[in-house]
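The values are calculated or read from the model by the stated rules, or taken from the named source; none is laboratory data. In this text the structure is predicted, and so the values were computed from the model without any measurement. Using ideal geometry, Cβ is built from the backbone for each residue, glycine included, and neighbour counts are taken over all protein chains shown.
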Amino acid sequence: MDLFEYQGKQYFARYDIAVSAGGVALTVDEAVKQAELAQYPVVIKAQVQVGGRGKAGGIKLANNADEVRTHASNILGMDIKGHVVKRIWVEHASGIAEEYYASFTLDRSAKRHLLMLSAQGGVEIEQVAVTDPTAIVKLYVNPIEGLSLETAQRAVVDARISQKAIDGVAAMLVKLYECFTKGDCDLAEINPLILKPNGEVHALDAKVTLDDNAAFRHPEWDEYRATEELDEREKLAREKNLQYIGLDGTVGIIANGAGLAMSTLDVVNQVGGRAANFLDIGGGANAELMTAALEVINSDTKVKSIFINIFGGITRGDEVAKGIVEAMKRVKLRAPIVIRLDGTNAIEGRAIIANAGIDESRLMSRSTMLDAARVAVDLAGKN
Amino acid sequence: MAIFVNENTKVLVQGLTGGQGRFHGLRNRDYGTQVVAGVTPGKAGQDVEGIPIYDSVDAAVAATQATASFIAVPPKAAPAAILEAARAGIGLIVCITEGVPAQDEARVFATLQRDFPKARLLGPNCPGIISPGKCNIGITAGEIAALPTKTGPNVGIVSRSGTLTYQALYELKQLNIGVSTCVGIGGDPVPGTSFVDCLAEFQSDPETHAIIMIGEIGGTAEEEAAEFITNHVTKPMSAYIAGVTAPAGKKMGHAGAIVSGGKGTAQGKMDALRNAGVMIGLNPTEACELMSQIVLAL
């Protein structure tokens, strides 16, 4: 889950990382209130999960309530690369002496944590990586050893960060590492990490991606869930606990396992169709989950046919079949279903479908993935 | 021969008394796997259809000389279960648990590397391993796997995706091609065993004559495999990479499956493998048909 900047800053603050005083606002009046709390001058920042806010006019300085009103009303509702601004963050403006970059991620290839640190902050790090790769210090951290202050200090020196900022940045890195590991982040990035004229080191921006698998030990993440920007189909799927991604084709897809679901998209594409979604019902799917999946697909009016591709392992074919029959009793499906069922309890599953008394034009079985894809694409074209 | 497991492998199931553990543990036994024990703290002395339950992996190993563990416990408990098995001297740990936090996986991997370098972990979030006719640990339906023949040629399978592993096994069976071993390494960001580990084993396994690899978008595991193949694998290979049509920036279910910053695309992976001499299918069926051509030419 990607956090908005203000959420990232609130998350950083939990780990004692210095951020500016500020508050989030949904309206112009709230923005004025937050500005007064944060004290002028303030910066008004559009909260969208896309880069290039500044260039789009989504970040403005305000010295008084009138300026806050002007900027807040301009920024709220602004469209930044397809993201409509619903929230703004109002924070006390910071003096900036220098700008750095710092981030922690998991390097999957090295199977270790990776610190990236640069004295060149405030710009896109991808760009620095291309134009001046030596300006980025990469440090691998063993997850069971952690990051010591001494190691952090060496990295700061290697990055050629100003002498006067070494201790402050190193201390900040240790805190950011703590946030990254204990806070179960996939990414914890500060860009820019600033040195203020008074010598303090401070996170001026926050980019945080949380690992959804760790949600069970972070009840505090619930409030972030509430602000996630999902389309209606994705919201419904989330409620039903399904792995769903909306796409814009006409063949609704339900598969078990991420790999098979991706492969189903690929095969539909190869035979000339386009998938309406990615939907993985996961391992161990039961009748209830299958019903939920069909409800989600049915809510998408673009769907003209539904391709259910199941290869049972942990998922049992009889459960899947029961779910489909059940769903067809409960929900009036707009599109016909083509199913391909193999693996664990597939024979039982096929028997349940064959004996359910459902018309062949609404629910048809095919024995291979390619055949089923062809029929589904054909139906999507006809309807 | 086979890799990682054989007919002598003795398996204990951590979580045998739970729903998934019981269902798949018993199916593994029905397949002919030596499932000798179950481990559930507090349930020592009970049994699951004749399989004795112990309080700890240590106790189960002492009583049964189990050599492999099948872990089917919830995500919260999986990291501790893996380390308990390693501490008890288990050589092969197969963890099917889906949803283990990445930070836990990274710590478990580093701990195994430092303290238990001989323990091999498959997964988490993997379907397991099957050596047809010898041993099946995990959630694969054994009947979809073709038995290897004495004279060959037999194919080894290694895959990042569970269901695509079954798909490959099933397709090869339709084509009458024997399978030496099929390994599901799992789709998580920090799998205990990599493509490269499996390719190295298949390369030195005399019963394996050709190899199918099934990858997916995200990360660099396929690119690393391509480099290894170029330098170390002489057996012929075919491959399929899932996610050609996956949009960038969207996590495709697996924690690891995401195209980000232009990296980890299916195209990049297919190109790397093709350059390493691997025949690329555009869907699982095609990859298996290519394997059929490879096998006929052997």
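If A:Gly51 meets every condition in (1) small (Gly, Ala, Ser); (2) within 28 Å of A:Glu126 (Cβ to Cβ); (3) free of Cβ contacts under 8 Å to residues at least 60 places away in the same chain; (4) surrounded by fewer than 16 Cβ atoms within 10 Å (Cβ to Cβ) apart from one, which number is that one?
Result: A:Gly51 fails condition (3) only.
Can you tell me which residue is surrounded by the most Cβ atoms within 10 Å (Cβ to Cβ) among those in segment B:148-164 that are more than 8 Å from chain A (Cβ to nearest Cβ) and of a type in the set (Val, Ile, Thr)?
Start the filter on segment B:148-164 by keeping residues that are more than 8 Å from chain A (Cβ to nearest Cβ), which leaves B:148-158.
Those left that are additionally of a type in the set (Val, Ile, Thr): B:149, B:151, B:155, B:157-158.
On the way: B:Thr149: 13, B:Thr151: 8, B:Val155: 32, B:Ile157: 26, B:Val158: 30.
So, considering only residues that are more than 8 Å from chain A (Cβ to nearest Cβ) and of a type in the set (Val, Ile, Thr), the one surrounded by the most Cβ atoms within 10 Å (Cβ to Cβ) is B:Val155.
Against the condition within 20 Å of B:Gln34 (Cα to Cα), within 11 Å of chain A (Cβ to nearest Cβ) and touching a Cys at 6+ places or on another chain (Cβ under 7 Å), how does B:Ile139 come out, does it pass? First the steps, then the outcome.
Details: within 20 Å of B:Gln34 (Cα to Cα): yes; within 11 Å of chain A (Cβ to nearest Cβ): yes; touching a Cys at 6+ places or on another chain (Cβ under 7 Å): no.
Judged against the criteria, B:Ile139 is not a match.
Looking only at segment B:170-211, count every residue that is assigned to a helix (DSSP H, G or I) and away from every other protein chain (no Cβ under 14 Å) and tell me the total.
Here the count works out to 7.
Going through B:Val36, B:Val61 one at a time, which residue ends up being among the β-branched types (Val, Ile, Thr), within 18 Å of B:Gly128 (Cα to Cα) and outside any loop (DSSP other than H, G, I, E, B)? Reasoning before the result, please.
On the way: B:Val61 fails: within 18 Å of B:Gly128 (Cα to Cα).
Answer to the check: B:Val36.
Within the bounds of segment A:264-276, is there any residue that is surrounded by fewer than 24 Cβ atoms within 10 Å (Cβ to Cβ), at pLDDT 90 or above and of a type in the set (S, T, N, Q)?
Yes, some residue in segment A:264-276 is surrounded by fewer than 24 Cβ atoms within 10 Å (Cβ to Cβ), at pLDDT 90 or above and of a type in the set (S, T, N, Q).
Tell me, which residue of segment A:159-178 that is assigned to a helix (DSSP H, G or I) and touching a residue at least 40 places away in the same chain (Cβ under 8 Å) is farthest from A:Gly121 (Cα to Cα)? Lay out the reasoning, then the answer.
Within segment A:159-178, the subset assigned to a helix (DSSP H, G or I) is A:163-178.
Keeping just the survivors that are touching a residue at least 40 places away in the same chain (Cβ under 8 Å) gives A:165, A:169, A:172-173, A:175-178.
On the way: A:Ala165: 14, A:Val169: 13, A:Met172: 15, A:Leu173: 15, A:Lys175: 19, A:Leu176: 16, A:Tyr177: 18, A:Glu178: 21 Å.
This residue is A:Glu178.
Here are some residues: A:Arg350, A:Arg340, A:Arg366. Which one is among the basic types (Lys, Arg), in the same structural domain as A:Ala261 (by TED's automatic domain parsing), under 25 Å from B:Pro284 (Cα atoms) and buried (at least 19 other Cβ atoms within 10 Å of the Cβ)?
Values: A:Arg350 fails: buried (at least 19 other Cβ atoms within 10 Å of the Cβ); A:Arg366 fails: buried (at least 19 other Cβ atoms within 10 Å of the Cβ).
After applying the criteria, what remains is A:Arg340.
Can we say B:Thr230 is part of a helix (DSSP H, G or I), among the hydroxyl-bearing types (Ser, Thr, Tyr), at pLDDT 95 or above and more than 26 Å from B:Arg107 (Cα to Cα)? Before the answer, list the steps.
Numbers: part of a helix (DSSP H, G or I): yes; among the hydroxyl-bearing types (Ser, Thr, Tyr): yes; at pLDDT 95 or above: yes; more than 26 Å from B:Arg107 (Cα to Cα): yes.
Yes: the conditions hold for B:Thr230.
Output the number of residues of segment B:270-296 satisfying the condition of being in contact (Cβ under 8 Å) with a residue 60 or more places away in the chain, within 13 Å of another protein chain (Cβ to nearest Cβ) and in a loop (DSSP other than H, G, I, E, B). Before the answer, list the steps.
So in segment B:270-296, the residues in contact (Cβ under 8 Å) with a residue 60 or more places away in the chain come out as B:273, B:278, B:284-285, B:287-289, B:291-292, B:294-295.
Next, only the ones that are within 13 Å of another protein chain (Cβ to nearest Cβ) stay: B:284-285, B:287-289.
In the following step, the residues that additionally are in a loop (DSSP other than H, G, I, E, B) were identified as none.
Looking only at that region, the number is 0.
From the residues in segment B:65-110 that are over 15 Å from A:Asp211 (Cβ atoms), surrounded by fewer than 18 Cβ atoms within 10 Å (Cβ to Cβ) and of a type outside the set (Gly, Ala, Ser), which one is farthest from the other protein chains (Cβ to nearest Cβ)?
The extreme case among them is B:Gln65.
Since B:Ala248 meets every condition but one in (1) more than 9 Å from chain A (Cβ to nearest Cβ); (2) crowded, with 21+ Cβ neighbours inside 10 Å; (3) within 30 Å of A:Asp248 (Cα to Cα), which condition does it not meet?
(2)
Yes/no matrix, rows are residues, columns are (1) within 14 Å of chain B (Cβ to nearest Cβ); (2) in a loop (DSSP other than H, G, I, E, B); (3) basic (Lys, Arg):
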| position | (1), (2), (3) |
| --- | --- |
| A:Lys86 | no, yes, yes |
| A:Glu99 | no, no, no |
| A:His113 | yes, no, no |
| A:Gly122 | no, yes, no |
| A:Tyr140 | yes, no, no |
| A:Glu145 | yes, yes, no |
| A:Glu150 | no, no, no |
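Scan (1) surrounded by fewer than 20 Cβ atoms within 10 Å (Cβ to Cβ); (2) not assigned by TED's automatic domain parsing to the domain that holds A:Val32 for the single condition A:Ile161 breaks and write down its number.
Of (1) surrounded by fewer than 20 Cβ atoms within 10 Å (Cβ to Cβ); (2) not assigned by TED's automatic domain parsing to the domain that holds A:Val32, only one is false for A:Ile161: (1).
Is it fair to say B:Gly19 is outside the structural domain of B:Gln203 (by TED's automatic domain parsing) and either surrounded by fewer than 19 Cβ atoms within 10 Å (Cβ to Cβ) or charged (D, E, K, R) (or both)?
On the way: outside the structural domain of B:Gln203 (by TED's automatic domain parsing): yes; either surrounded by fewer than 19 Cβ atoms within 10 Å (Cβ to Cβ) or charged (D, E, K, R) (or both): yes.
Criteria met by B:Gly19.
Specify which of the listed residues (A:Ala321, A:Ala354, A:Ala380, A:Ala373) is within 14 Å of A:Ile254 (Cβ to Cβ) and touching a Ser or Thr at 6+ places or on another chain (Cβ under 9 Å).
Details: A:Ala321 fails: touching a Ser or Thr at 6+ places or on another chain (Cβ under 9 Å); A:Ala354 fails: within 14 Å of A:Ile254 (Cβ to Cβ); A:Ala380 fails: within 14 Å of A:Ile254 (Cβ to Cβ).
When all the criteria are applied, what remains is A:Ala373.
If I ask for residues that are away from every other protein chain (no Cβ under 11 Å) and surrounded by fewer than 16 Cβ atoms within 10 Å (Cβ to Cβ), which ones from segment A:125-137 would you list? Walk me through it before giving the result.
Here is the first cut: in segment A:125-137, the ones away from every other protein chain (no Cβ under 11 Å) are A:127-128, A:130-137.
Hits for segment A:125-137 are A:Gln127, A:Val130, A:Thr131, A:Asp132, A:Pro133, A:Thr134.
Being in a loop (DSSP other than H, G, I, E, B) and touching a Ser or Thr at 6+ places or on another chain (Cβ under 9 Å) is the filter here, so list the residues in segment A:88-97 that pass it. Before you say what the answer is, go through the steps one by one.
Of the residues in segment A:88-97, the ones in a loop (DSSP other than H, G, I, E, B) are A:93-97.
Within segment A:88-97, A:Ala93, A:Ser94, A:Ala97 qualify.
With A:Ala102, A:Ala155, A:Ala171, A:Ala97 as the choices, which residue is over 24 Å from the mean Cα position of the chain (by Cα), buried (at least 19 other Cβ atoms within 10 Å of the Cβ) and modelled with pLDDT of 95 or more?
On the way: A:Ala102 fails: over 24 Å from the mean Cα position of the chain (by Cα); A:Ala171 fails: buried (at least 19 other Cβ atoms within 10 Å of the Cβ); A:Ala97 fails: buried (at least 19 other Cβ atoms within 10 Å of the Cβ).
Only one candidate qualifies: A:Ala155.
Checking the condition of a type in the set (D, E, K, R), out of contact with any Lys or Arg (no Cβ under 8 Å at 6 or more places or on another chain) and over 25 Å from A:Gly54 (Cβ atoms), which residue from A:Lys182, A:Lys86 passes?
Details: A:Lys86 fails: over 25 Å from A:Gly54 (Cβ atoms).
None of the others qualify; the one that does is A:Lys182.
Could you run through segment A:201-253 and say how many residues are within 30 Å of A:Val320 (Cβ to Cβ), modelled with pLDDT of 95 or more, away from chain B (no Cβ under 12 Å) and not in a loop (DSSP other than H, G, I, E, B)?
1
Given the conditions (1) surrounded by fewer than 16 Cβ atoms within 10 Å (Cβ to Cβ); (2) within 14 Å of chain B (Cβ to nearest Cβ); (3) not in a helix (DSSP H, G or I), which single one is not true for A:Ile310?
Against the list (1) surrounded by fewer than 16 Cβ atoms within 10 Å (Cβ to Cβ); (2) within 14 Å of chain B (Cβ to nearest Cβ); (3) not in a helix (DSSP H, G or I), A:Ile310 comes up short only on (1).
Looking only at segment A:289-307, how many residues end up being assigned to a loop (DSSP other than H, G, I, E, B) and either more than 26 Å from A:Lys382 (Cβ to Cβ) or not acidic (Asp, Glu) (or both)? Working first, answer last.
Filtering segment A:289-307 down to residues assigned to a loop (DSSP other than H, G, I, E, B) leaves A:299-304.
Okay, now just the ones that are also either more than 26 Å from A:Lys382 (Cβ to Cβ) or not acidic (Asp, Glu) (or both), so A:299, A:301-304.
The total comes to 5.
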